[in-house]
Amino acid sequence: MRYSTLTKHFVLITASALLSVSAAAAAESSNLATVEWLKENIGKPNVLVLDASPTQFYTAKHIPGAHSVSFTKEQSVSQGVRVSYGGGVDFYTDSVNVPYAFQERPSEEMEALFQDWGVSKDKTIVMYDQGGQFYATRLFYSFFYSGFPVENLRILDGGLSKWEAAGNAVTAEIPAKPAKGDYKIGALRSEFQAEVAEVVAASGDTKANALVEGLGPDWHFGMAMNYNRPGHIPHAKMLPAAVFFNEDKTFKSAEDIRALLSFNGITDEQQIYTHCGGGIAGSVPFFAAKFIAGYPKVKHFPASQLGWLHDERELPFWTYDAPYILRDTDWLKWWGGLRTRTLGSIHVSIIDLRDAAQYDSRHFPFALNIPAKDFREKLSDTDGLKKLLGSSGVNPKHEAVIVSGQGITPDAALAFVALERLGQAKVSIFTDTLDTWAQRGNALSNKPTIVAEKTIPFDLNIPPVEYQAEAREEVFSTGKAAANATFPRVYLASGEKLPSKTPEGTVVHVPYSQLLDEQGKPKSAAEIWQILSKAGLPRFAEIVTVADDQGEAAANYVILKLMGYPSVQVLAS
């Protein structure tokens, strides 16, 4: 669960996109203790200080009088391997009753453990780690879930790092074991804990729910094979634990945390589910969202990816953030093919962008021919484009699958953004070739698709429609940044060369072709992230794609949407 080099690089890239705040502003939560407060109160009989760091950090140095909640030095290494994870999980991990790590023991065992640490109900529990980490927040969650009075729980803001920076003493001396506490666990706060079944349902309803993942891009995009499958839970929003901290390792302010969550499309109305690999790093966004930013509906999912992957249903696990943008032969054969249509389920409009001669030679059954030049010519004529689409049989309530014959091309991408702006319910791009379709034993047609009114209930004709949908104004940008924008405006130059007229401001150059393979399919999520990261493109920024050919700008728009960048637009011509 420790941060990798790539995760640290992610944090460095995105840190400049976030407002800096003072430590005093960050400590506005009543569940944060400042270094100054702890210095004044440490040693008082009603204050218990717990070090949540892994054993090797605690034994090296800690705050005088602080008690470790991790293994002793002798217990922390087995066969030369460090086995201390910190955060209290060394002792409260249930290795008997659950099939995966980091899940808490039954209440009676947790109660005995808390008492052994010296915990009593009337004491103020101050917990800390090295600062900017996730061990203290995971310990906080354990106390909170177990029903401990929340007003008596505090995390040392900035941790040991901030304590030392203020000139306070540290020691390697292990204090005497505290007197046994008398805390008794009553009702658990189970309403703040989610199980696998609930998160599965939440993942399928992104309007009502937000899955916040406290891991970095090495986990999220599948660069690291941490478990039996790489990637992330579908629709999880990547917000690494580290982005909730300032450079001095104190927590960000409520204002900045709310800005960060809002920028990623997370609202007060949604139920938030925080998670990570095993429930440790995900405790940081849980604490930040609930106890600093004050979001009303926040649950933690301690089983996290371990529980998700262990489920016998072999639940889906993604590397791209929006893999449904890409469609292949097997998908299109069923959802857009003859069998589905004979059942009356015509919910896919196949749009073939090739010129008329290519279309007439061979095309997918039921494909509608709207050449790419028509999209380009009518890009600024929305009424004309709507009329063309409707008369051609494109239903705005359907998924529109764009076929270029070569995957993501500038023409395919421009059609994609044009349809998105018009308000098409769903838009995707077919990334196989017609040859692949045929090699898989599927028929191609040389007869025009019949666009006509239905005469029988399950008529295979595709009826013309009046194309009416709610336009999405945010797809294209005028190039003018929003007033007082919290996050920076960054232009992504997407052609082989920089545009002839370079926008004023920060420009990052990544040709769209670098992100695709020879067949026009996107490279792996891991490769795309590494290319964009190396180029210096921040994830938390208002990104506007630009190029002399607007289709090339649109291609990078599609790819960044595939990768889940929260704010992407195409510069209007």
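The values are calculated or read from the model by the stated rules, or taken from the named source; none is laboratory data. A quick note: this is a predicted structure, and the numbers were derived from the prediction, not measured. Every residue, glycine as well, gets a Cβ built from its backbone with ideal geometry; the counts of neighbours run over all protein chains shown.
Summary of computed values
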{"item": "Residue match in segment 310-317 (condition: in contact with a Lys or Arg (Cβ under 7 Å, 6 or more places away or on another chain) and within 21 Å of Asp129 (Cα to Cα))", "result": "no"}
{"item": "Subset of segment 467-501 [free of Cβ contacts under 8 Å to residues at least 12 places away in the same chain and closer than 16 Å to Val570 by Cβ]", "result": "Lys480, Lys501"}
{"item": "Residues (surrounded by 14 or more Cβ atoms within 10 Å (Cβ to Cβ) and either in contact with a Leu (Cβ under 6 Å, 6 or more places away or on another chain) or polar (S, T, N, Q) (or both)) located in segment 169-195", "result": "Gln193"}
{"item": "Selection from segment 150-195 of residues that are under 30 Å from Glu213 (Cβ atoms) and in a loop (DSSP other than H, G, I, E, B)", "result": "Asp157, Gly158, Ile185, Ala187, Leu188, Arg189, Ala194, Glu195"}
{"item": "Single residue of Ser70, Ser95, Ser29 found to be without any contact (Cβ under 8 Å) to a residue 40 or more places away in the chain, among the polar types (S, T, N, Q), in a loop (DSSP other than H, G, I, E, B) and touching a helix residue (DSSP H, G or I) at 6+ places or on another chain (Cβ under 7 Å)", "result": "Ser70"}
{"item": "Matching residues, segment 549-563, being within 12 Å of Asp321 (Cβ to Cβ), part of a helix (DSSP H, G or I) and hydrophobic (A, V, I, L, M, F, W, C)", "result": "Ile559, Leu560, Leu562"}
{"item": "Lone qualifier among Val465, Val490 - being aliphatic (A, V, I, L, M) and in contact with a helix residue (DSSP H, G or I) (Cβ under 6 Å, 6 or more places away or on another chain)", "result": "Val465"}
{"item": "Some residue of segment 233-243 being touching a residue at least 60 places away in the same chain (Cβ under 8 Å) and over 15 Å from the mean Cα position of the chain (by Cα)", "result": "no"}
{"item": "Filter result (out of contact with any Cys (no Cβ under 6 Å at 6 or more places or on another chain) and crowded, with 21+ Cβ neighbours inside 10 Å) within segment 300-317", "result": "His300, Phe301, Pro302, Ala303, Gln305, Leu306, Gly307, Trp308"}
{"item": "Qualifying positions in segment 487-520 - out of contact with any Leu (no Cβ under 9 Å at 6 or more places or on another chain), β-branched (Val, Ile, Thr) and in a strand (DSSP E or B)", "result": "Thr506"}
{"item": "Segment 152-183, residues that are of a type in the set (Gly, Ala, Ser) and either in contact with a Pro (Cβ under 8 Å, 6 or more places away or on another chain) or outside the structural domain of Ile42 (by TED's automatic domain parsing) (or both)", "result": "Ala169"}
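Conditions (1) of a type in the set (S, T, N, Q); (2) surrounded by fewer than 16 Cβ atoms within 10 Å (Cβ to Cβ); (3) under 27 Å from the mean Cα position of the chain (by Cα), marked per residue:
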site: Phe366; (1), (2), (3): no, no, no
site: Asp383; (1), (2), (3): no, yes, no
site: Leu389; (1), (2), (3): no, no, no
site: Ala418; (1), (2), (3): no, no, yes
site: Thr449; (1), (2), (3): yes, no, no
